[in-house]
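Sharing a structure below in structure tokens format, with a few things to ask.
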Amino acid sequence: MVLGETMPRIMKYPGYSWLIFTMIALWTTNSSALSWEELTFYPTKFEALVDFDGTNRRKSGSSREIEWRAGVRIEQNGYVLDPGIALFHLDIEPMYTWGDFESSDTSRDSSGELLNYLLQLNLFRETPGPVGFDLSAQRSTNFNTGSLGSRIDNVIDTKRATVNWKNLAFPTNLTYEERSLEEEFRSSLSSAVSERDETLKRWIIKGRSSKLDLRLEHKSLDDRTNRDQDYDIDEGNISHHLPWGNNSHLRSRFDYYDRTGFNANKRLTFDEFARIQHTPNLYSRTSYHYHSIKQNIKNVEHRGIFELNHQLYKNLNTKAHTNITSRNSDNIDEDKWLIGLDGKYNKQDLFGVSVTAGLGGSYQETDRVSNQGVVEVIDESHVVPLTGSVILNQRFILTSTIIVTDETGTLVYTEGSDYTVFPLAGDLTQLQAIPGGRIDTGDTLLVSYQAQPLPSQMFSTIRTNYNLGIDLGWMRFSHSDNISDDKLMSGAGESFLNDTRNTITDIEFRAELASIDTLVGAARRFTLAGGFESTTYTSRQVLSWTTSSNTSSRGIQWNLNATQSFTEQESLDTDLYRIELSANWRPYARLSIHPILGAWKRYDTGDTINGGRRDDEFITAGVRGSWRYRELDLSFNYHHDRRTTSTYAQPAGSTTESIEDRLMFTLRRRFR
């Protein structure tokens, strides 16, 4: 089927010429309620809309893009006999769009027609009968054509019916929903037509009591195109809450998910959580979590947690906890156990000072058994450098399996007379040519071997953390440090272990004088992860000033925010400067104006950015606002952005600049 030969499924008549007359009529009229003996209409709500979005861009070339939207929205509510017997809602939204795009090498325009409607009907919702019904039908259509032959035509239909069982002990509802999508798309006259035709059907049962929630769903997709992505999904969710005693309860949850057909997978989750208040100052929390998923491979996880919490004088909280986790899959089996102790102190008024402090630590052992076997590497090619040393690509190589040949594969070199094998840091392996052997500089070697993709290991982890916070009102100070240290107990090398550390120190001063609020602060953050270190120093200044207000104006609130940060890394340093000035002006109760002016600059230095970014500047300015006059609403937004980027491109650096101006406004007229 050729798209150009089909009739639009949205509108059989040309254009929206009637829309202009409808908007003019609605703009100057109001509605009133109508009522007959059995049928009552609430006042009709009308809304007319005009929307504009225009953008100018300048980079290597220039382009201009404009889009207009115009339409109406009609909303009607009413009932038959009584709102509790039959209540209905109708929402219709026809829309017309047209746009234009021009650049230095192309020009195109487009126009489109959209129509959305929604019809809802509620039957017997508030009657003494045992059941009630909710019915709805919804359609969204879009027909868009462009000057270069592009065309999109889609229709989305949704039908829904719900039966509500009004049982006081366990109210339940059954829902059937059917959603169909028909779409034809072509980007140009010479391109092929892309079609999409599918139907999604759902059955949903929901029920709830004071302690139990139940949800069951069956979903099926019928894809009638050559993509063949049909699937069926069955889901079940049950949760239960049982309170007892003083601040004690038991929570349970069971989740089931089974998808067959396209992208098949199966999941099962079970959670059990209990909180028991033993004494006024002592309580415990116990939880168990089970999760399994099967998709290509199967993964199963069991996790149990026990916590004992004690509170002393409402200021000191102490928690002892243990955690046992077991994960099993086709690739790896992993068991963990952990014990820990944490303490938190919080005093709101200690001689006029608010103090928070914390101290904690834990010990964990991890036993990891890899089921992935080995990786076979055949004829990995290397050229021997002047040093005679060659580093192989894989880690965790079984050195007894290494075979080295010449580039033809016929001459096999001998370990000990032609080359030597050396282990390197990071569990890498190096071959070193022996002087006088058969391997010379510039020779091409083919190396075959076996390696472990994920080795088996047993290691321990010690975690410690502490924090301190002081708040004087005009001054706030905080410091925290979190450290984890991995130690290998048995198995492969330590390259898979990951020591971490995060240290944050922050201080700020605040001053309030009349209508001016000022904040000055500084922070240092140190991060260590996997041998990678970075340190960031940040300073910030915030100024807020509100001018005097009167009966018709709330004054102007000015906000100035400036931030500087300096990050030091092993081979890359980054300096960042940012400043933003904004205002919130309300000259009248229904008029608000928000101008903004901002800029930021980032500069990178280091060996790792050869050929990359060196300097990046961004400047933005704009204004947004809204105005309401009786039944008219106007919102507008304009911004100007300019970005300049310099690089370390070789042989000489290059600079690119992009500029964008964008204006958007929306005008609405309501009728009541």
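Each reported figure results from applying straightforward, stated rules to the coordinates on display, with no laboratory input. Just so it is clear, the model here is predicted, and its values are computed rather than measured. Note that each Cβ is placed from the backbone with ideal geometry, even for glycine, and that neighbours are counted across all protein chains shown.
Quick check: residue separation of residue 60 and residue 522 times 0.36 nm, minus the Cα distance between them. What number comes out in nm?
Contour length minus the Cα-Cα distance gives 162.3 nm.
A further question follows. Tell me, what HN-Hα J-couplings in whole Hz come from the Karplus equation 6.51 cos²θ - 1.76 cosθ + 1.60 at θ = phi - 60° for each residue of the stretch 326-334, using x for Gly and Pro?
Using θ = phi - 60°, the values come out as 10, 10, 9, 8, 5, 9, 7, 10, 9 Hz.
Here is a follow-up. With just the Cα atoms defining each centre, how far is the stretch 398-429 from the stretch 312-347? Give it in Å.
With the stretch 398-429 and the stretch 312-347 each reduced to a Cα centre, they are spaced 46 Å.
If you build the Cα gyration tensor of the chain and take the root of 5 times each eigenvalue, what three semi-axes come out, in whole angstrom, biggest first?
55, 40, 38
Output the peptides 64-73, 476-485 sorted from most to least packed, where packing is the average of other Cβ atoms within 10 Å over each peptide's residues.
Final packing ranking: 64-73, 476-485.
What value, in deg cm²/dmol to 500, does the helix sum -39500 (n - 2.57) over DSSP H runs of n ≥ 4 give at 222 nm once divided by the residues of the chain?
-500 deg cm²/dmol
Next question. With an 8 Å Cα cut-off and a minimum separation of 6 or more residues, compute the relative contact order for the chain in percent.
7
Give me the net charge for the shell around residue 449: Cβ to Cβ below 14 angstrom, other residues only, Lys and Arg +1, Asp and Glu -1.
Summing Lys and Arg as +1 and Asp and Glu as -1 gives -4.
Still on this structure, please answer the following. Sort 658-670, 508-520 by the packing proxy (mean of other Cβ within 10 Å over each peptide's residues), most packed first.
My ranking of the peptides, most packed first, is 658-670, 508-520.
Could you work out how much longer the chain between residue 503 and residue 299 gets when fully extended? Use 0.36 nm per residue separation minus the Cα distance between them, nm to one decimal.
69.9 nm
Can you list the residues, at least 5 places off or on another chain, whose amide H is less than 5 Å from the amide H of residue 148, using H built in the peptide plane?
Placed amide hydrogens put 109 under 5 Å from residue 148.
Compute the orientation-averaged projected area for the stretch 65-190 from the convex hull of its Cα atoms and round it to one decimal in nm².
10.4
Mind checking the full-extension length gain between residue 464 and residue 252? Use 0.36 nm per residue of separation minus the Cα-Cα distance, one decimal, nm.
Between residue 464 and residue 252, full extension yields 73.1 nm more.
Moving on. For the stretch 42-94, what size does the Cα cloud have along each of its three principal axes, sorted from largest down, in whole Å?
Extents along the principal axes, in whole Å: 67, 15, 11.
Measure nothing fancy, just the Cα-based angle from helix 17-27's long axis to the longest principal axis of the chain, in degrees from 0 to 90, nearest 10.
Long axis of 17-27 versus the principal axis of the chain: about 70 degrees.
Counting Lys and Arg as +1 and Asp and Glu as -1, each charge on the Cβ, what is the dipole of the chain about the Cα centre in debye, to the nearest 20?
The dipole of the chain has a size of about 3160 debye.
Sticking with this structure for a sec: In Å, what is the Rg of the alpha-carbon atoms in the stretch 279-336, and how long is Dmax?
16.8, 54
Answer rounded, prolate or oblate for the stretch 499-671, using the Cα gyration tensor with square roots of eigenvalues a ≥ b ≥ c: rounded when a/c is under 1.5, else prolate when a/b is larger than b/c, else oblate.
The shape class here is oblate.
Something else: Which whole-Hz ³J(HN,Hα) couplings does the stretch 386-401 yield from phi under the Karplus relation 6.51 cos²θ - 1.76 cosθ + 1.60, θ = phi - 60°, glycine and proline marked x?
3J(HN,Hα) across the stretch 386-401, in whole Hz: 4, 6, x, 9, 10, 9, 6, 6, 8, 9, 6, 7, 7, 5, 5, 9.
Would you kindly derive the ³J(HN,Hα) couplings of the stretch 147-159 from the backbone phi angles with the Karplus curve 6.51 cos²θ - 1.76 cosθ + 1.60 (θ = phi - 60°), listing them in order in whole Hz, with x for Gly and Pro?
Rounded to whole hertz, the list is 5, 8, x, 6, 7, 9, 9, 9, 9, 10, 10, 10, 10.
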